[in-house]
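The values are calculated or read from the model by the stated rules, or taken from the named source; none is laboratory data. Given the structure is predicted, the values throughout are model-derived calculations rather than measurements. Glycine also receives a Cβ, built like all others from the backbone with ideal geometry; neighbour counts cover every protein chain displayed. Each accessible area value is taken on the protein alone, full model and side chains, heavy atoms only, with ligands, DNA and RNA left out. Shrake-Rupley method; radii C 1.70, N 1.55, O 1.52, S 1.80 Å.
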Amino acid sequence: MIRLFVPDALAAGAPVVPDSDQCRYLIAVMRLAVGSEILLFNGRDGEWRATVVEADKRRARLLVGARQRAHAASPDLTLAVALVKRARLETIIEKATELGVARIQLLITRRTNADHTNVARLQAIATEAAEQTGRLDVPVVLEPVKLARWLDSWNQEAGRLMVCDETGGPPALGALAPHAGKTLPWSILIGPEGGFDPEELDRLRAEPFVAAVSLGPRILRADTAAIAALSLWQAALGDWVTAS
Ligand code: SAH
């Protein structure tokens, strides 16, 4: 069944008017008519059935029915990723959403050579992936900040940071295992196509909250590294441990 993210509060009997892109998708593309049912979620109230009660090309109206699932938040996991080429970054956003991150922090590092960023477009990609993947929330995509600034603002509540270090280090799984069963926030850091600068690596390794780890003997592209690291984290500490 079609799932849509909407910002509206969701409760039985509430009317919802999707935005114009969503209306076009529902009515012109998916050919829904009055009486069709879809699912709605808003990141707060769980997932609800909704019935189309008005189906105009430019305006659709839905009426919220019964709740299907109670809200469940994603694990407190941030993917921090240096800007890379647009297509690769879009893949990273989509896959990180499927793999259950709570937020994506875009970063500028010394060797970052991509300067495009359309955060609204990346957020739309995250929303679409969340709709498709059955999540009850949408990860937030945060405006790019400089790596050094991001580290400066680290505090107690920020938890731990797994740095994926292409120059080598202890295996990732072994570094995560001692933290099993604790519900700390975690971030995973992936560098740009040019890798980290040696000074950046020195600083990262010196931070008490950092575990710099290896993802094996091969150099991975940033998108592959992100998928591999998120999968390891989910299997060691996240919701794959309890998945049904
Ligand atoms: N140009 C660099 C590779 C950068 S790959 C070089 O040739 O060395 C982009 C990012 O993916 C890296 O900064 C790192 O965060 C991650 N990555 C790639 N392969 C990795 C590996 N084997 N172990 C840990 N991290 C890796």
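Condition check: in contact with a helix residue (DSSP H, G or I) (Cβ under 9 Å, 6 or more places away or on another chain), outside the structural domain of GLY35 (by TED's automatic domain parsing), farther than 28 Å from PRO15 by Cβ and touching a residue at least 24 places away in the same chain (Cβ under 8 Å). Does VAL119 satisfy that? Working first, answer last.
Numbers: in contact with a helix residue (DSSP H, G or I) (Cβ under 9 Å, 6 or more places away or on another chain): no; outside the structural domain of GLY35 (by TED's automatic domain parsing): yes; farther than 28 Å from PRO15 by Cβ: yes; touching a residue at least 24 places away in the same chain (Cβ under 8 Å): yes.
When the stated conditions are applied, VAL119 does not pass them.
For the structure I just gave you, tell me whether PRO18 is open to solvent by less than 60 Å² (accessible area, probe 1.4 Å), over 20 Å from PRO139 (Cβ atoms) and assigned to a loop (DSSP other than H, G, I, E, B). Working first, answer last.
Working: open to solvent by less than 60 Å² (accessible area, probe 1.4 Å): yes; over 20 Å from PRO139 (Cβ atoms): yes; assigned to a loop (DSSP other than H, G, I, E, B): yes.
The answer is yes for PRO18.
Filter the range 190-203 for residues that are in contact with a Leu (Cβ under 8 Å, 6 or more places away or on another chain) and near the ligand (Cβ under 10 Å from one of its atoms) and give the result. It would help to see each step written out before you state the result.
Going through the range 190-203, the residues in contact with a Leu (Cβ under 8 Å, 6 or more places away or on another chain) turn out to be 190, 192, 196, 200, 203.
Once the filter is applied, which keeps residues that are in contact with a Leu (Cβ under 8 Å, 6 or more places away or on another chain) and near the ligand (Cβ under 10 Å from one of its atoms), the range 190-203 yields ILE190, PRO192, PHE196, GLU200.
Kindly indicate whether LEU173 is of a type in the set (A, V, I, L, M), open to solvent by 20 Å² or more (accessible area, probe 1.4 Å) and within 16 Å of the ligand (Cβ to nearest atom). Quick ask: steps written out before the conclusion?
Numbers: of a type in the set (A, V, I, L, M): yes; open to solvent by 20 Å² or more (accessible area, probe 1.4 Å): yes; within 16 Å of the ligand (Cβ to nearest atom): yes.
Judged against the criteria, LEU173 is a match.
Just name the residue that is farthest from the chain's Cα centre (by Cα) out of those in the range 35-48 that are surrounded by 12 or more Cβ atoms within 10 Å (Cβ to Cβ) and more than 22 Å from PRO139 (Cα to Cα). Walk me through how you get there before you give the answer.
First, the residues of the range 35-48 that are surrounded by 12 or more Cβ atoms within 10 Å (Cβ to Cβ): 36-48.
In the following step, the residues that additionally are more than 22 Å from PRO139 (Cα to Cα) were identified as 36-37.
On the way: SER36: 30, GLU37: 27 Å.
By that ranking, first place goes to SER36.
Looking at ALA82, is it among the aliphatic types (A, V, I, L, M), closer than 20 Å to ALA236 by Cβ and either modelled with pLDDT of 95 or more or assigned by TED's automatic domain parsing to the domain that holds GLY194 (or both)?
On the way: among the aliphatic types (A, V, I, L, M): yes; closer than 20 Å to ALA236 by Cβ: no; either modelled with pLDDT of 95 or more or assigned by TED's automatic domain parsing to the domain that holds GLY194 (or both): yes.
Judged against the criteria, ALA82 is not a match.
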When you scan the range 5-13, do you find a residue that is surrounded by 11 or more Cβ atoms within 10 Å (Cβ to Cβ), farther than 10 Å from VAL64 by Cβ and touching a Lys or Arg at 6+ places or on another chain (Cβ under 7 Å), even just one?
no
Quick check on the range 89-97. Is at least one of its residues in the same structural domain as PRO198 (by TED's automatic domain parsing), in contact with a Pro (Cβ under 9 Å, 6 or more places away or on another chain) and charged (D, E, K, R)?
no
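Quick grid of which residues meet (1) away from the ligand (no atom under 11 Å from the Cβ); (2) at pLDDT 95 or above; (3) assigned to a loop (DSSP other than H, G, I, E, B):
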position	(1), (2), (3)
GLN132	yes, yes, no
VAL145	yes, yes, no
TRP150	yes, yes, no
VAL163	no, yes, no
THR167	no, yes, yes
ILE188	no, yes, no
VAL213	no, yes, no
THR224	no, yes, no
ASP239	yes, no, yes
